[in-house]
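Reviewing the structure listed below.
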Amino acid sequence: MTQLSQPHPFERLMPDFILDAIEAQGFLSDGRVLALNSYENRVYQIGIDENVPIIAKFYRPGRWTDAQIQEEHDFCDELVAQDLSVVPPMRVQGQSLLHYQGFSIALYERRGGRAPDLDNPDHLYQLGRTLGRMHLVGAAKPFTHRPTLDMQSFGYQSIERLLSGFIPASLEPAYRSLTQDLMQRIEAAFALYPDIRYLRVHGDCHGGNLLWRDDLAHFVDFDDARMAPAIQDLWMLLSESERTQRELQLAEVLAGYEEFAEFDPRELHLIEPLRTLRMLHYSAWLARRWEDPAFPLNFPWFNTERYWGEHILQLREQLSALNEPVLRIL
């Protein structure tokens, strides 16, 4: 007899279940549930009776421990205490980490905004100022439960995951050889600067996690917060345009950043290694989540022969980027 596969935990998140989970926290819903764009977790806008809607985040079961989630929340609270514009989880009877039938949940006030214009020098300068202040807080003490961005978890484990049934046999020799070369370059870059400081960072500081409103940057979604060099929160603010443009963007970011925090210029040598690790980790993330029905539905191009061919081509281009001179501070 064929054994039926177990349903994915997120399949339980039907509207009635979601509303019951929110009302169990003491809120009276008006019955409206709007799914928002999120794949790692599940995020919904919930209508509240005679009040503004709230945002409910259902954490992916098994990804983080409660202690790791609480560290994320506490970090946000530290930032808010320093008048930094982040969106922290709401507290319900003094607790920010809530639970309902096996799910860890966080609730947030709804905040509006748009993505910043990363070609606008004023926006880059303000983002740099905010990150400088944020990193002052992040450097005050380490995370004790959340992970560190390292070559093992983002690099070697990602490669191993993709070689366990995802990379097509015809492309496997090229992928093995290429990733070996990439990891050798990455290891060499990190080995040059073993004393680079690691601090608590946002960890996923791309435009989708930044809201621009009232001429200020508001940071959301600290789900990937971890220990990492400061440059991890800075390099994603730079476009992939030609080198001169990136150096001008970097100058604006650092001008704002260094009003509050000192930047170690040696970290510029880690931009391309960190970009490479992110590329490896992203493909492995899709592979790890492929049993979640939302992923084949929303990423239909993944795990095709064409995808892997293009992925290898991008990694070859990244190998060339690792050999280029680092960006200059203008």
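Rule-based calculations on the coordinates, nothing more; no lab input. Given the structure is predicted, the values throughout are model-derived calculations rather than measurements. A quick note on method: Cβ atoms are made from the backbone with ideal geometry, for glycine too, and the neighbour counts reach across all protein chains shown.
Computed quantities for the displayed model
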quantity: As computed over segment 1-103, the Cα convex hull volume per residue (Å³); calculated: 133
quantity: Estimated inter-spin distance, Phe10 and Asp122, nm [label 7 Å along Cα→Cβ]; calculated: 3.8
quantity: Kirkwood hydrodynamic radius of segment 67-178, from inverse mean 1/r over distinct Cα pairs, in Å; calculated: 18.1
quantity: Against the rule of thumb 2.2 N^0.38 Å, how large the Cα Rg of the chain comes out; calculated: 1.05
quantity: Antiparallel bridge percentage (DSSP; both residues within the chain; nearest 5); calculated: 95
quantity: Residue list for segment 288-330, given a label point 7 angstrom along the Cα-to-Cβ vector of Thr244 and an amide N cut-off under 20 Å; calculated: 324-330
quantity: Loop sites in segment 230-330: GluC sites (Glu not before Pro), DSSP, at most 15 other Cβ within 10 Å; calculated: Glu240, Glu242, Glu258, Glu259, Glu262, Glu291
quantity: Dimensionless Rg over Rh [segment 64-118; C-alpha; Kirkwood]; calculated: 1.03
quantity: Rounded FRET efficiency, nearest 0.05, which uses the C-beta distance separating Leu319 from Tyr193 and R0 of 22 Å; calculated: 0.60
quantity: Gain upon complete extension [Ser177, Ala115; 0.36 nm per residue less C-alpha separation]; calculated: 18.5 nm
quantity: Extended-chain gain in nm, criterion 0.36 nm per residue less alpha-carbon gap, Arg213 and Glu291; calculated: 24.4 nm
quantity: Shape call, segment 205-284: gyration tensor on alpha carbons, a/c limit 1.5; calculated: rounded
quantity: Rounded to the nearest 20 debye, dipole of the chain from Cβ charges on Lys, Arg, Asp, Glu; calculated: 600
quantity: In nm, spacing of pseudo-spin labels at Ile48 and Leu163 (7 Å Cα→C-beta vector); calculated: 5.1
quantity: Where N is the number of residues in segment 140-296, Cα Rg divided by 2.2 N^0.38 Å; calculated: 1.14
quantity: Exposed trypsin sites (Lys or Arg not before Pro) absent - longest run of the chain, DSSP non-H/G/I/E/B, at most 16 other C-beta within 10 Å; calculated: 198-327
